[in-house]
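The values are calculated or read from the model by the stated rules, or taken from the named source; none is laboratory data. These figures come from a predicted structure and were not determined experimentally. Cβ sites come from the backbone with ideal geometry, for glycine too, and all protein chains shown count toward neighbours.
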Amino acid sequence: MRTAWDTDVVLIATATDPEDGALSAASVVWRSDLQVPPLGSGTTLSTALPVGANVVTCTATDSTGLTGSASITINSRSPFAQINHPSNGETRAANTPVPFVGVARDKEDGTLSGGSLVWTSSLDGMIGTGGTFNKTLSAGMHTITLSVTDSNANVDTASITLTMTP
């Protein structure tokens with residue numbers, strides 16, 4: 001799973017014990033391997049994660065101290081690239097300009113713009129820069145990639161497929 005460093009992730013777990021039944025509240029604790037204090041507790045938790053590949057572990061403890069746990073890896077990104085338009089899987093006419101809209105943000109730099117956002121097509125090469133522009137693409141199935149670079153040369157990408165019909 002991939003998310004921005006500043007976006008809350010909703011974590012949901014169920015935990016049951018033969019003697020105690022459903023476990024909740026402080027009996028269910030969430031941790032990331034990238035920070036010392038717990039992320040929080042309860043069967044549902046909404047929280048932002050530290051930047052990096054977080055191994056998030058949910059541990060349930062019953063009334064006798066027995067535990068069970070499960071983990072998932074969530075990649076919290078900074079910078080973070082997002083394509084808002086067009087949508088993944090769209091089909092459009094090859095002779096019509098396509099509006100491209102994307103955003104990028106970084107923990108240290110804030111909103112990224114201009115040449116920090118570079119758009120490419122698997123068929124047509126570089127097609128534009130910045131958050132918005134229009135471009136006519138050749139016929140075929142394109143993989144459109146938005147690459148964003150922060151002031152520390154950290155990069156993130158987002159991609160969609162776009163089919164242009166003759």
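Here are the numbers for this structure:
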item: Verdict on Val155 being at pLDDT 95 or above, in contact with a Pro (Cβ under 7 Å, 6 or more places away or on another chain) and not aromatic (Phe, Trp, Tyr); result: no
item: Residues satisfying the stated conditions in region 5-46, i.e. surrounded by 14 or more Cβ atoms within 10 Å (Cβ to Cβ) and out of contact with any Ser or Thr (no Cβ under 9 Å at 6 or more places or on another chain); result: Leu45
item: Candidate set from region 100-116 (those that are of a type in the set (A, V, I, L, M, F, W, C) and closer than 18 Å to Ser87 by Cα); member that is surrounded by the fewest Cβ atoms within 10 Å (Cβ to Cβ); result: Val101
item: Matching option when the condition is out of contact with any Cys (no Cβ under 8 Å at 6 or more places or on another chain), more than 15 Å from Ile83 (Cβ to Cβ) and of a type in the set (Val, Ile, Thr), among Thr157, Thr143, Thr163, Thr132; result: Thr163
item: Enumeration of residues in region 117-166 that are outside any strand (DSSP E or B), surrounded by fewer than 16 Cβ atoms within 10 Å (Cβ to Cβ) and touching a residue at least 60 places away in the same chain (Cβ under 8 Å); result: Pro166
item: Set Asn54, Asn88, Asn84: member being free of Cβ contacts under 8 Å to residues at least 24 places away in the same chain, out of contact with any Asp or Glu (no Cβ under 6 Å at 6 or more places or on another chain) and under 30 Å from Leu137 (Cβ atoms); result: Asn84
item: Strands (runs of 3 or more DSSP E) fully within region 1-86 counting 2 or more residues that are touching a Leu at 6+ places or on another chain (Cβ under 8 Å); result: 9-12, 28-32, 44-47, 52-61, 67-77, 80-85
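Residues checked against (1) in the same structural domain as Thr161 (by TED's automatic domain parsing); (2) over 17 Å from the mean Cα position of the chain (by Cα); (3) not aliphatic (A, V, I, L, M):
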position	(1), (2), (3)
Val9	no, no, no
Thr14	no, yes, yes
Ala22	no, yes, no
Ala25	no, yes, no
Val28	no, yes, no
Gln35	no, yes, yes
Val56	no, no, no
Asp62	no, yes, yes
Ser69	no, yes, yes
